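This report refers to the structure that appears directly beneath it.
The values are calculated or read from the model by the stated rules, or taken from the named source; none is laboratory data. Remember, predicted model here, so these are calculated numbers, not experimental data. Cβ coordinates were reconstructed from backbone atoms using ideal geometry, including for glycine residues, and neighbour counts include every protein chain displayed. With ligands, DNA and RNA removed, areas are computed over all heavy atoms of the protein, side chains included. Shrake-Rupley method; radii C 1.70, N 1.55, O 1.52, S 1.80 Å.
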Amino acid sequence: MRIDVLSIFPEYLAPLELSLIGKAMTEGVLELSVTDPRSYATDRHRTVDDTPYGGGAGMVMKPEPWAQALESVTAASPSSGQPALVVPSPAGEVFTQEIAYELAEQEHLVFACGRYEGIDERFIEWASDHAVVRPMSLGDYVLNGGEVAVLAMVEAVTRLIPGVIGNPESLAEESHTGGLLEYPVYTKPAVWRERAIPDTLLSGHHGHIARWRRDQQLHRTAQRRPDMIEQLDPAELNTADLSILSEHGFRVINGSLQVCAPDPEDGGGH
Ligand code: JDE
């Protein structure tokens, strides 16, 4: 895979050369380079931004240096088709593990890191003729620029490329969590600062351990991510699962899980 990052603060992307990503680069699985659109600014002050038409606070990135930078990386594209152009933005589609898997299949990924209030929209429109444009948000918060979002997305994507992660088993496990959060994990010592690990984990009974972990996943997800519980297919849940969820007020109504007032019969523990 080839990754190009366009940024007026290329030094922000230095951490990409470390650890697993750096290893993938030395092994030749991944080629990564950073291009500064400022090097394509033609005026004496190398201007990359200007005030917004229609007024308002802040500055907007000028389209021409970005178009020149994109042309320079697409000209050297390794892919037969169009590269994917990911533009981090609070106004983008929310980045998920599913999108990470999609991007991991690309031959050529380009990330354009906006700063200030964003990039002139005409650059985004023009780029659509040269790449598959994906405005992408990490979540509902605002960063000063796209660079930190790109660090997160590049790490999420590159660890899925065959030959990048050291331990392929830990990847397979992720897709088997069945739409639930992970269960808590423990290691030695068995008692630490007067806190013992849960008894079940020392029982050696694999069936009990699996059920305990599943219960923990259901409790955590119901408490922290009720939106994920609503997405579960009730047909894939057994009676033990449904009993745990009922403690959190979830019932099956018209074939989907919905929150209702908790059933006092369920005790309301936890
Ligand atoms: C990425 N979640 C949030 C920020 C921006 C007001 C202030 C700033 C390309 O245009 C952008 C990019 C960014 C940086 O990315 C994020 C982000 N995922 O903030 C703005 C818009 N309005 C614009």
Among 139, 146, 118, which is the only one that is at negative phi, among the small types (Gly, Ala, Ser) and within 24 Å of the chain's Cα centre (by Cα)? 146
Can you pull out every residue in the stretch 66-98 that is farther than 18 Å from residue 5 by Cα and assigned to a helix (DSSP H, G or I)? 97, 98
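Find the residue count for the stretch 85-142, including only residues that are within 11 Å of the ligand (Cβ to nearest atom) and among the hydrophobic types (A, V, I, L, M, F, W, C). Spell out how you get there, then give the answer.
Here is the first cut: in the stretch 85-142, the residues within 11 Å of the ligand (Cβ to nearest atom) are 86-95, 111-121, 123-124, 135-142.
Applying the additional criterion that residues be among the hydrophobic types (A, V, I, L, M, F, W, C) yields 86-87, 91, 94-95, 111-113, 119, 123-124, 136, 138, 142.
Number satisfying all stated conditions: 14.
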Given the conditions (1) within 10 Å of the ligand (Cβ to nearest atom); (2) open to solvent by 30 Å² or more (accessible area, probe 1.4 Å); (3) not aromatic (Phe, Trp, Tyr), which single one is not true for residue 76? (1)
The helices (runs of 4 or more DSSP H) lying wholly within the stretch 181-270 that contain at least 3 residues that are open to solvent by 90 Å² or more (accessible area, probe 1.4 Å) are 206-224
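Just checking, does the stretch 103-117 include any residue being assigned to a helix (DSSP H, G or I) and within 21 Å of residue 28 (Cα to Cα)?
Keep residues of the stretch 103-117 that are assigned to a helix (DSSP H, G or I), which gives 103-104.
Adding the requirement that they be within 21 Å of residue 28 (Cα to Cα) leaves 103-104.
Looking for residues that are assigned to a helix (DSSP H, G or I) and within 21 Å of residue 28 (Cα to Cα), one finds at least one in the stretch 103-117, hence yes.
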